[in-house]
Amino acid sequence: MVALLSAGAVMFAGGGAHANVPAEPAASSVTSAPAPEISPEVEAYLDTLSAEDRAEFVATMLPATTTLTYGEQRPANAAAVASLNAANARGLTVSPRATGCWTARANGSAKAPAGNTLYTYYHVGHWCASGSTVTSAKIQERGGETSTPGWRWGGAIAGSSGVVGNQGRSYSQVSFILKVGLWDVQNPTPCVRVNGLYNAAASTSSTCGIY
């Protein structure tokens, strides 16, 4: 059985040299999580293979790790640009009270044990804040792709947004499908969430849901 790892939280801060420059990326984070079972269909297919072909299929075609990384974070309206410029004028990258609306992007990718990337996906969260209060949140954009033969993009299958604990949270759950011959044999459905804070900072995790 191949263990499937889920990404842990990644923090990143708003700001930059000027309004159109995102913050520097934070380090990638990979942490272990309960792994879904390999589907009975995959197990049945593996039983038809020679030991050599089985090992190659497991090593190159099944996800072993999932990584979330920082993508980009930007001011989304004039108030946020003004707040960011005011912070920069004071030598800060994040204003203590960053009025305005912001977006942050998180990227996910799954790799096989051999190290080849099987598929990638992303979620862009949008939130607004006034002073020390987050006022709204929504999904700005989401998507995914794969160029690995046998795998295909199954689309976004779930998602929601809202203000929870003074954070503007939004998440997406996406689907990828592995086909062998005429049959779909594996269907991972990873999640990615962005949590926007009142001071324009944000974090991301693999949590399915906003609570």
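The values are calculated or read from the model by the stated rules, or taken from the named source; none is laboratory data. Small disclaimer: the values here were computed from a predicted structure and weren't measured. No Cβ is skipped: glycine too gets one built from the backbone with ideal geometry, and neighbour counts run over all protein chains shown. Surface areas here come from the heavy atoms of the whole protein model, side chains and all, with no ligands, DNA or RNA. Shrake-Rupley method; radii C 1.70, N 1.55, O 1.52, S 1.80 Å.
Consider A23 against the criteria (1) modelled with pLDDT under 90; (2) part of a loop (DSSP other than H, G, I, E, B); (3) surrounded by fewer than 20 Cβ atoms within 10 Å (Cβ to Cβ): it satisfies all of them except one. Which criterion is unmet?
(3)
R169 - would you say it is of a type in the set (K, R) and closer than 15 Å to C208 by Cβ?
Numbers: of a type in the set (K, R): yes; closer than 15 Å to C208 by Cβ: yes.
When the stated conditions are applied, R169 passes them.
Considering only residues of segment 56-81 that are assigned to a helix (DSSP H, G or I) and open to solvent by 60 Å² or more (accessible area, probe 1.4 Å), which is farthest from I38 (Cα to Cα)? It would help to see each step written out before you state the result.
Going through segment 56-81, the residues assigned to a helix (DSSP H, G or I) turn out to be 56-61, 78-81.
Going one step further and asking which of them are open to solvent by 60 Å² or more (accessible area, probe 1.4 Å), we end up with 56, 78.
Working: E56: 16, A78: 48 Å.
The selected residue is A78.
Please go through segment 133-155 and pick out each residue that is small (G, A, S) and open to solvent by 50 Å² or more (accessible area, probe 1.4 Å). Steps first, answer last, please.
As a first pass, look at segment 133-155 and keep what is small (G, A, S): 136-137, 143-144, 147, 150, 154-155.
Hit for segment 133-155 is S147, nothing else.
For L49, all conditions in the list (1) touching a residue at least 60 places away in the same chain (Cβ under 8 Å); (2) aliphatic (A, V, I, L, M); (3) part of a loop (DSSP other than H, G, I, E, B) hold save one; what is the number of the exception?
Checking L49 against (1) touching a residue at least 60 places away in the same chain (Cβ under 8 Å); (2) aliphatic (A, V, I, L, M); (3) part of a loop (DSSP other than H, G, I, E, B), the one that fails is (1).
With respect to S136, determine if the residue is farther than 17 Å from Q186 by Cα, among the hydroxyl-bearing types (S, T, Y) and at pLDDT 95 or above. Don't jump to the end; show me each part of the working.
Values: farther than 17 Å from Q186 by Cα: yes; among the hydroxyl-bearing types (S, T, Y): yes; at pLDDT 95 or above: yes.
Against the criterion (farther than 17 Å from Q186 by Cα, among the hydroxyl-bearing types (S, T, Y) and at pLDDT 95 or above), S136 qualifies.
When segment 55-76 is examined, which residues are found to be at pLDDT below 85 and either more than 23 Å from the chain's Cα centre (by Cα) or of a type in the set (F, W, Y) (or both)?
Correct list: Y70 only.
Restricting to segment 186-200, count the residues that are open to solvent by 10 Å² or more (accessible area, probe 1.4 Å) and more than 13 Å from the chain's Cα centre (by Cα).
Within segment 186-200, residues that are open to solvent by 10 Å² or more (accessible area, probe 1.4 Å) and more than 13 Å from the chain's Cα centre (by Cα) number 6.
Select, from G162, G155, G143, G168, the only residue that is among the small types (G, A, S) and within 20 Å of K111 (Cβ to Cβ). Before the answer, list the steps.
Details: G162 fails: within 20 Å of K111 (Cβ to Cβ); G155 fails: within 20 Å of K111 (Cβ to Cβ); G168 fails: within 20 Å of K111 (Cβ to Cβ).
Only one candidate passes the filter, namely G143.
Just give me the residues in segment 159-206 being among the hydrophobic types (A, V, I, L, M, F, W, C), in a strand (DSSP E or B) and over 19 Å from W127 (Cα atoms), in sequence order.
To start, the set of residues in segment 159-206 that are among the hydrophobic types (A, V, I, L, M, F, W, C) comprises 163-164, 174, 176-178, 180, 182-183, 185, 191-192, 194, 197, 200-202.
Within this subset, residues satisfying the condition of being in a strand (DSSP E or B) are 163-164, 174, 176-178, 180, 183, 185, 191-192, 194, 202.
Across segment 159-206, the qualifying residues are V174, F176, I177, L178, V180, W183, V185.
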